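**Student:** Pasting a structure below so you can have a look.
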Amino acid sequence: MRQIAIMGFGTIGSGAFDVVNTNREIIKKNLGEELQVKYVLDIREFPGQPVEKVLVHDVDTIMNDPEVDVVVETMGGLEPAFTFVKKALEAGKSVVTSNKELVAKKGVELMAVAKAKNVNFFFGASVGGGIPIIRPLLRSLSADDIDQVSGILNGTTNYILTKMDREGTSFEAALKEAQDNGFAERKPEADVEGYDACRKIAILSSIVEGKFVDFEDIYTEGITKITSEDFEYARQLGWAIKLLASSWKEQGHRYAMVSPVLVKPENPLYAVNDVFNAILVHGNMVDNVMFYGRGAGSHATASAVMADVVEAVKHLGENIYAGWSEEKRELSDISMSEKQFLIRVKGDVSRQSELATKFGAGQLIDADVAGEIGYLTPVLSEKAFEAAAAKTEGILQRIRVQA
Ligand code: HSE
């Protein structure tokens, strides 16, 4: 019998508690022994609920108990999660977390403590919810040079964009529904401004590079400026609007960015809707590999958490490589990267020759929206696009197009 503790009984922590109880026999079969939740740490009381029997309020009860081999951190946020996780690792316990903020910001330090203490720090649930992506990148694709990772990494924004597209729902109403379903972050800006996706693509970039990619260096744009008119143009083109988090290598440079983009039907990410996430990985040998599943939600994310717990128990007394080195991988400035853009401008078809002169030969897109016209530019560097846009009157919107 192995004992674990869960810190934080919110959406994911309570899901992990359910997974242990519901799948007790399956876990026992896969692990070779039984797993038991000895403690759940939370500041709240849960009267009459099964968790009440194992609920504790003092983190030291967990830290000082030598029977606890693995600690699960599902509190979210940086503090006190960081202090508690570090303390657990220093106490010789392996830690499993779903906390992308913690991994993106403090991962290097926590991996070093885990290594020094010969325990493990696993974070498979921090990207893509229940989708196995971290371990496949570390293990199954370890013989490939991964030159591109692009994904829909935030369930809340994908849910909002899907609702706005299909039902014409307002941004606010769709966000409220996502929050009610338990997908959204505590602060909605983390989802809708792209910060959550930014941390996740920083984690994936660090893994494929084997070096630390700082999320603060990643160009990030959210979906708050996407409007119903934008969807009129997307429909006219037969394309979808997605919040994509991408990381790619070009002539030795590493680029990363989060932004809304127009995705064409031939791209497998086009069909990823609602709360679902997907990650498209390109390796120089394997070609494209797509990972798809529930990127948020209690039981889906808890499934990934508990799989990490099983892995941690199987590797007790042995630190295994599961992250990146402390060396920093500098990102190149995206201004030199190249994309096609859709712009919406005030006016009508009479602007075609002016737009062609400024942006290069492109295509007018008339989506029947009063008082404006769309223009699809040729492929341009971000820098060239910005220079042309600065000289153009009446730009209402600009959205990148995924190649
Ligand atoms: N708020 C996140 C999302 C939760 O919507 O994807 C999972 O990380």
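**Student:** What residue, of Lys249, Lys242, Lys225, Lys264, is assigned by TED's automatic domain parsing to the domain that holds Val149 and within 16 Å of the ligand (Cβ to nearest atom)? Give the derivation first.
**Tutor:** Details: Lys249 fails: within 16 Å of the ligand (Cβ to nearest atom); Lys225 fails: within 16 Å of the ligand (Cβ to nearest atom); Lys264 fails: within 16 Å of the ligand (Cβ to nearest atom).
Being assigned by TED's automatic domain parsing to the domain that holds Val149 and within 16 Å of the ligand (Cβ to nearest atom) holds for just one of Lys249, Lys242, Lys225, Lys264, which is Lys242.
**Student:** Val281 versus (1) more than 12 Å from the ligand (Cβ to nearest atom); (2) surrounded by 22 or more Cβ atoms within 10 Å (Cβ to Cβ); (3) assigned to a helix (DSSP H, G or I): which is the lone unmet condition?
**Tutor:** (3)
**Student:** Please verify whether Val258 is at pLDDT 95 or above and within 16 Å of the ligand (Cβ to nearest atom), treating the condition exactly as stated.
**Tutor:** Details: at pLDDT 95 or above: yes; within 16 Å of the ligand (Cβ to nearest atom): yes.
Criteria met by Val258.
**Student:** Which one is nearest to the ligand (Cβ to nearest atom), of the residues in segment 182-195 that are assigned to a helix (DSSP H, G or I) and more than 13 Å from Tyr159 (Cβ to Cβ)? Even if it seems obvious, please write down each step before you answer.
**Tutor:** Here is the first cut: in segment 182-195, the ones assigned to a helix (DSSP H, G or I) are 188-192, 195.
Next, from what is left, pick out any that are more than 13 Å from Tyr159 (Cβ to Cβ): 189-190, 195.
Numbers: Glu189: 11, Ala190: 7, Tyr195: 10 Å.
Checked segment 182-195; the qualifying residue nearest to the ligand (Cβ to nearest atom) is Ala190.
**Student:** Another question, then. For segment 18-34, enumerate the residues that are touching a residue at least 40 places away in the same chain (Cβ under 8 Å) and under 30 Å from Ala184 (Cβ atoms).
**Tutor:** Correct list: Asp18, Val19, Val20, Asn23, Ile27.
**Student:** So how many residues does segment 13-39 have that are out of contact with any Lys or Arg (no Cβ under 9 Å at 6 or more places or on another chain) and assigned to a strand (DSSP E or B)?
**Tutor:** Total meeting the criteria: 3.
**Student:** Output the residues belonging to segment 170-181 that are buried (at least 18 other Cβ atoms within 10 Å of the Cβ) and farther than 11 Å from Thr224 by Cβ.
**Tutor:** If the condition is that a residue be buried (at least 18 other Cβ atoms within 10 Å of the Cβ) and farther than 11 Å from Thr224 by Cβ, then Ala174, Ala178 are the ones that fit.
**Student:** Now for a separate question. Within segment 344-362, does at least one residue satisfy the condition of being under 16 Å from Arg398 (Cα atoms) and among the polar types (S, T, N, Q)?
**Tutor:** Checked against the condition, which is being under 16 Å from Arg398 (Cα atoms) and among the polar types (S, T, N, Q), segment 344-362 yields no hits at all.
**Student:** Can I ask one more? Do you know which of the residues in segment 153-181 that are outside any helix (DSSP H, G or I) and near the ligand (Cβ under 9 Å from one of its atoms) is nearest to the chain's Cα centre (by Cα)? If you could, list the steps in order and put the result at the bottom.
**Tutor:** Restricting attention to segment 153-181, the residues satisfying the condition of being outside any helix (DSSP H, G or I) are 153-154, 168-170, 181.
Within this subset, residues satisfying the condition of being near the ligand (Cβ under 9 Å from one of its atoms) are 153-154.
Numbers: Leu153: 4, Asn154: 5 Å.
Filtering segment 153-181 for residues that are outside any helix (DSSP H, G or I) and near the ligand (Cβ under 9 Å from one of its atoms), the one nearest to the chain's Cα centre (by Cα) comes out as Leu153.
**Student:** Is it the case that Glu101 is open to solvent by 10 Å² or more (accessible area, probe 1.4 Å), within 20 Å of Phe212 (Cα to Cα) and either within 16 Å of the ligand (Cβ to nearest atom) or without any contact (Cβ under 8 Å) to a residue 40 or more places away in the chain (or both)?
**Tutor:** Numbers: open to solvent by 10 Å² or more (accessible area, probe 1.4 Å): yes; within 20 Å of Phe212 (Cα to Cα): yes; either within 16 Å of the ligand (Cβ to nearest atom) or without any contact (Cβ under 8 Å) to a residue 40 or more places away in the chain (or both): yes.
So Glu101 passes the test.
**Student:** With the condition being under 19 Å from Phe17 (Cβ atoms), I'd like the helices (runs of 4 or more DSSP H) fully within segment 52-133 carrying at least 3 qualifying residues.
**Tutor:** Working: elements: 59-63, 81-90, 100-116.
The helices (runs of 4 or more DSSP H) meeting that bar are 59-63, 81-90.
The values are calculated or read from the model by the stated rules, or taken from the named source; none is laboratory data. Predicted, not measured: the structure shown is a model, and the values here were computed from it. Glycine gets a Cβ as well: all are built from the backbone with ideal geometry, and neighbour counts include every protein chain shown. Surface areas here come from the heavy atoms of the whole protein model, side chains and all, with no ligands, DNA or RNA. Shrake-Rupley method; radii C 1.70, N 1.55, O 1.52, S 1.80 Å.
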